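Trainee: After the structure tokens below, expect a handful of questions from me.
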Amino acid sequence: MIQKNIIAVVNQKGGVGKTTSVINLATAMVKKRKKVLVVDMDPQGNATTGSGLEKNSVTLSIYDGLINNSSCSKIIVPSNSCGFDIIPANRNLSGAEIELVEISKREYQLKKILESVANKYDVILIDCPPSLSLLTINALVAAKFLLVPIQCEYYALEGLTDLLSTVKRIQESLNKDLEVLGLIRTMYDGRNNLANQVSEQLVKHFKDKLFNTYIPRNVRLAEAPSFGMSAVALDNTALGSKAYMDLTNEILTRFDYLRNNLSWDD
């Protein structure tokens, strides 16, 4: 059974704002009185450190859930700086890619882990690694919805085509209920002609799947992780923080609509 409250934030290209989006959206959702769980599926553990945790000091991590069958409730820890719960990750997760190969139904490990706690949260956000790896496939199998952060630059559309092709294959073979919740324009600079041109292409090709709110380049978004918190938690008056609050309103509206088994295209 698919859990309709699980959203994977994915793009195989690095540096497009996946982790920044995850922790800021999660914080903004908490401010909207939602109970939120963040799942860090990236061996770099940036969502973990960005949530105020020392990734190399956590007792248990997502690795223990995936490989050692540790109970999900035992690997969840609170982010005191941001207000959500998180399943942390660290460099141990790098080895999971190889170890998962030996496990039966390896693509379903994350789905199995989250099933036991999914009904305790309004939203579960998965921060995926910047590759279409077995870890990412686990996230795509566990999720009902996808959020795709995309930087408005030359190679963005090409990479997006590859990602959507992978999503289609996952839908055909492993998770027929998976669907794209929407695309997010990140690190957007309206003074840049190329950014505007790519944005226009995204509007043309993806129409209502593209969220109206875009995330601007913003100093607060860049420096917040050094404080161990999201920009929304650090300074909710910053331009980037306000953008994520507006985007959260859009996402939750669409999220609630689609969870009622309606088509956004209708």
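The values are calculated or read from the model by the stated rules, or taken from the named source; none is laboratory data. Since the model is a prediction, treat every value here as computed from it, not as a measurement. As a convention, Cβ positions derive from the backbone with ideal geometry for all residues, glycine included, and neighbour counts pool all protein chains shown. Ligands, DNA and RNA are stripped out before the accessible areas are found, and what is left, the full protein with its side chains, is counted by its heavy atoms. Shrake-Rupley method; radii C 1.70, N 1.55, O 1.52, S 1.80 Å.
Trainee: Does the stretch 15-22 contain any residue that is at pLDDT below 95 and open to solvent by 40 Å² or more (accessible area, probe 1.4 Å)?
Mentor: Yes, the conditions are met somewhere in the stretch 15-22.
Trainee: Only one of these is under 16 Å from the mean Cα position of the chain (by Cα) and either of a type in the set (Gly, Ala, Ser) or within 21 Å of SER116 (Cβ to Cβ) (or both): SER57, SER73, SER61, SER21. Name it. Reasoning before the result, please.
Mentor: Numbers: SER57 fails: under 16 Å from the mean Cα position of the chain (by Cα); SER73 fails: under 16 Å from the mean Cα position of the chain (by Cα); SER61 fails: under 16 Å from the mean Cα position of the chain (by Cα).
Going through SER57, SER73, SER61, SER21 in turn, just one is under 16 Å from the mean Cα position of the chain (by Cα) and either of a type in the set (Gly, Ala, Ser) or within 21 Å of SER116 (Cβ to Cβ) (or both): SER21.
Trainee: Return the residue satisfying two criteria in turn: it lies in the stretch 167-194 and is closer than 16 Å to ILE137 by Cβ and among the basic types (Lys, Arg), and of such residues it is most open to solvent (accessible area, probe 1.4 Å).
Mentor: LYS176
Trainee: Could you give me the residue pairs with C-beta distances under 6 Å whose first residue belongs to the stretch 1-17 and is within 14 Å of ILE251 (Cβ to Cβ), whose second residue is of a type in the set (Asp, Glu) and modelled with pLDDT of 95 or more wherever it lies, and which are 6+ apart or on separate chains?
Mentor: That search, which allows pairs on different chains as well, returns VAL9/ASP127.
Trainee: So which residues in the stretch 195-205 are under 19 Å from GLY17 (Cα atoms) and either touching an Asp or Glu at 6+ places or on another chain (Cβ under 6 Å) or loosely packed, with under 12 Cβ neighbours inside 10 Å (or both), if there are any at all?
Mentor: ALA195
Trainee: Return the residues of the stretch 99-141 that are within 19 Å of GLU179 (Cβ to Cβ) and over 17 Å from the mean Cα position of the chain (by Cα); say none if nothing qualifies.
Mentor: Within the stretch 99-141, GLU107, TYR108 qualify.
Trainee: Tell me yes or no: at least one residue of the stretch 82-94 is over 18 Å from the mean Cα position of the chain (by Cα) and open to solvent by less than 50 Å² (accessible area, probe 1.4 Å).
Mentor: No: zero hits.
Trainee: Search the stretch 82-96 for residues that are farther than 14 Å from ILE67 by Cα and in a strand (DSSP E or B) and pair each with any residue that is open to solvent by less than 10 Å² (accessible area, probe 1.4 Å) and not aliphatic (A, V, I, L, M) when their beta-carbon atoms are under 6 Å apart and the residues are at least 6 apart or on different chains.
Mentor: Once the first residue is farther than 14 Å from ILE67 by Cα and in a strand (DSSP E or B) and sits in the stretch 82-96, its partners that are open to solvent by less than 10 Å² (accessible area, probe 1.4 Å) and not aliphatic (A, V, I, L, M) give ILE86/SER51; ILE86/SER79.
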